[in-house]
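Structure first, commentary second.
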Amino acid sequence: MAMYVLVHGAWHTGKELEPVAECIKSAGHRAFTPTVKGNRPADPRNVGLAEAIQSIIDYLVRYDLEDLVLVGHSYGGMIITAVADRVPDRIRRLVYWNAFVPNDGESISDMLPLQYIELFESIAHERGDDSVVLPFSIWREAFINDADLETARRAFGALNPQPMKTLRDKISLKTNPMQMSVAKSFVNCTEDISLPHHYPWHPRLSQKLGLFRLIQVPGSHELCFSNPMRLAQAIMEAGRD
Amino acid sequence: MAMYVLVHGAWHTGKELEPVAECIKSAGHRAFTPTVKGNRPADPRNVGLAEAIQSIIDYLVRYDLEDLVLVGHSYGGMIITAVADRVPDRIRRLVYWNAFVPNDGESISDMLPLQYIELFESIAHERGDDSVVLPFSIWREAFINDADLETARRAFGALNPQPMKTLRDKISLKTNPMQMSVAKSFVNCTEDISLPHHYPWHPRLSQKLGLFRLIQVPGSHELCFSNPMRLAQAIMEAGRD
Amino acid sequence: MAMYVLVHGAWHTGKELEPVAECIKSAGHRAFTPTVKGNRPADPRNVGLAEAIQSIIDYLVRYDLEDLVLVGHSYGGMIITAVADRVPDRIRRLVYWNAFVPNDGESISDMLPLQYIELFESIAHERGDDSVVLPFSIWREAFINDADLETARRAFGALNPQPMKTLRDKISLKTNPMQMSVAKSFVNCTEDISLPHHYPWHPRLSQKLGLFRLIQVPGSHELCFSNPMRLAQAIMEAGRD
């Protein structure tokens, strides 16, 4: 029996990971799906990265969760890295699932290609509230390329605007991931083209972990919608001792 | 119900794609497998790229095919790109299946490694009719590496000489693929080693599409022979809206 | 009916490949799993590469094995290359399975990243007998990342110290692999992260073979433990004509 905490990515909330958590629970584990501050529909749009991180630390403290397999998806990689830096004694293993791996002083923007930064900033400016949403065509073709149109539309409908500040803020870490002594895994969905092909999640970001376990699984960046059971299986292979 | 037109690669005719078309039809779609001019056994060997392209446009016009998912394999990528440039209103989506993606003014030779150009030109010279055939050892090991010997031999027996002019001629496009507004997908067979490993189909050529949907499937360059049903499934995942 | 000889990698003996050989036999072939000199628990620790190679040539001669599909795993790639160079008439096809591909004058150390050379030399120095063992954490995360902990531990228990001299010695070849006329295949386990991601088995080493058949299969460097049947299937697809 292991204890999984799944931290969602940008535009998502914990609710979208519940089907994944259900699969993990049905294999005999515990699983939690908190929502990061800034991602709840009612949250203010000026939430920054530090507040977002703190909300997950507060969650772990409130429910006194320990000996965790802490899983982060995409933007969630920022959160789990900072949590492991701040409360290392609560973590058994970090699992990055097509996730950002920051070093001290880096923001998500620092790890994004220029075309995304320009697109996101322009959308945030247009919206006027400094939050960003994804255009459907990019979502459909590059984020959820493995699903049918109905699934792609339903999932798109569940997304929330993401505060740009969480993507711009630089992370503050005492220890970079490579030097962290905690066990680390990286789940790579092999058809994830949400980042450009010359600028991929793996190995560009994964190798910042130093020694890590690689688990690969067919699927897009949004395997949580297209095949939650297959994703849960990969997370459990990444998360076991 | 969608409408698929499958455009074969060099050395092939539409006949070799009929088992793939049958699978697509059995899923409730329509599917056509025209043969490009120059590839029929009785065609003259001096057919060039423009004539080859025109033969497929003529085919679409003759049968009044519209709202098409237009699929191109290998050399067929040249054909479908030019067709989309010339009759964009007939196309719903382009699907490149381990296919060449040309910009205006490029030939297949411009996208081939030097060793293939030299080999092909030398074979064409030896044959004396400016057409090229593949040596069986290259076919067996690098084109159809996922099939058994009997399948490899039977498929090799179905190949025809390819007019070198179709590989040498530079394409003429008003719009490059990246700027085309039509939806685009790329099917990548993950064991396709018909191009050298440092010079692959994906992402080297696929990224010339700009925003595109990636579908990957295990198999060689000639998955149409080794597993037509698996290929059809990948094409339908690439071709749906 | 084909005849397979499976040559294990560093730290292993032929015994660990017996489950793979059993699967190959159950498909109607013959299969042998010799142990390379230097890898038996009782062998002296100062065995070098030439002696190791000779022990497999002696084995083939003693049992008069001919028309072989000669398979090498990892370090075993050094052995099968030299065997094919010395007794080419006995070999039908070479199969490299996530294996080193040497040119004349190269050692394994020449193909390893600096961090491994430093780690191995430091371990060998500490052990005092010029042999090297793998730290369990590296084994668990980077060599057998696809297995559960119990399998990882059981397999680790079967490993023997590897004489460093076999990794340091430069190979002597009359013909480099690319120029060998024998048929060649490379089996690539797609989750093999035993070498760093910017320094992989395939295509970095595989392309030294020239024309070769690629077979890919999901799994770690140690698929022989985590899924011997899947590995056997891949080896037979690589080894058939």
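The values are calculated or read from the model by the stated rules, or taken from the named source; none is laboratory data. Please read these numbers as outputs of a predicted model, since none were measured by experiment. Note that we place each Cβ from the backbone using ideal geometry, even for glycine, and neighbour counts take in every protein chain shown. All accessible areas refer to the heavy atoms of the entire protein, side chains included, with ligands and DNA or RNA removed. Shrake-Rupley method; radii C 1.70, N 1.55, O 1.52, S 1.80 Å.
The alpha carbon convex hull volume per residue for the range C:54-125 rounds to 101 Å³.
Charge tally around residue B:218: other residues with Cβ under 12 Å, Lys/Arg +1 each, Asp/Glu -1 each, net -3. Here, P(r) means the percent of Cα pairs in each 10 Å bin from 0 to the largest distance; for the protein assembly as shown it is 3, 14, 22, 22, 21, 14, 4, 0, 0. When only Cα pairs below 8 angstrom with a gap of at least 6 residues are kept, the range B:27-171 shows a relative contact order of 29 percent.
Relative contact order, whole percent, for the range B:35-97 stands at 30, derived from Cα pairs under 8 Å and 6 or more residues apart.
Helical content alone sets the calculated 222 nm signal of the protein assembly as shown at -9500 deg cm²/dmol, taking -39,500 (n - 2.57) per DSSP H segment of four or more residues and averaging over every residue. For residue B:7, nonlocal amide neighbours, meaning residues 5 or more places apart or on other chains whose placed amide H falls under 5 Å from its own, are B:71, B:72, B:73.
Taken across both chains, chains C and A shield about 1100 Å² of accessible surface from a 1.4 Å probe. Name the residues of the range B:185-219, by number, that are at least 40 Å² less accessible with every protein chain in place than in the isolated chain; the surface is that of heavy atoms, probe 1.4 Å, without ligands or nucleic acids. When all protein chains are present, B:191, B:193, B:197, B:211, B:212, B:213, B:214, B:216 each give up 40 Å² or more of accessible surface. Taking 18 Å as the straight-line reach from the Cα of residue C:208, the lysines in range (excluding those fewer than 8 positions away in the same chain) are C:170, C:174, C:184.
Closest approach of a chain B beta carbon to the axis mapping chain B onto chain C (residue, whole Å): B:190, 5. Of all DSSP-defined beta bridges confined to the protein assembly as shown, some 10% are antiparallel rather than parallel.
Rounded to the nearest 5, what % of the DSSP beta bridges within chain A are antiparallel ones? Percentage antiparallel, nearest 5: 10. In a simple Cβ point-charge model (Lys, Arg +1; Asp, Glu -1; nothing else charged), the protein assembly as shown has a dipole of about 360 debye relative to its Cα centre. Residue C:114 label point (Cα plus 7 Å toward Cβ) to equivalent points in the other copies: 3.1, 3.1 nm, shortest first. Each of B:6, B:20, B:42 was placed along the dipole of the range B:1-48 (beta-carbon charges, centred on the mean Cα), and the one lying farthest toward the positive end is B:42.
Using Cβ point charges alone (K and R +1, D and E -1), the dipole size of the range C:1-91 about the Cα centre works out to roughly 200 debye.
Annotation for the range A:146-224: trypsin sites (Lys or Arg not before Pro) lying in DSSP loop with at most 12 further Cβ atoms inside 10 Å of their Cβ are A:174. Of the two radii for the range B:197-241, the radius of gyration is 1.00 times the Kirkwood radius, both from the alpha carbons; that is the Rg over Rh value. Using a 7 Å projection from Cα along Cα-to-Cβ, the label point at residue A:129 is separated from the same position in the remaining copies by 7.0, 7.0 nm, smallest value first. Projected over every direction and averaged, the convex hull enclosing the alpha-carbon atoms of the range B:1-96 yields 5.6 nm².
For residue A:25, the point set 7 Å out from Cα toward Cβ sits 4.9, 4.9 nm from its twins in the other copies, listed from shortest up. Here chain C has 51 percent of its accessible surface on carbon and sulfur atoms, given a 1.4 Å probe and all protein chains in place. Surface exposure of the range B:1-144, expressed per residue as accessible area with a 1.4 Å probe, stands at 37 Å².
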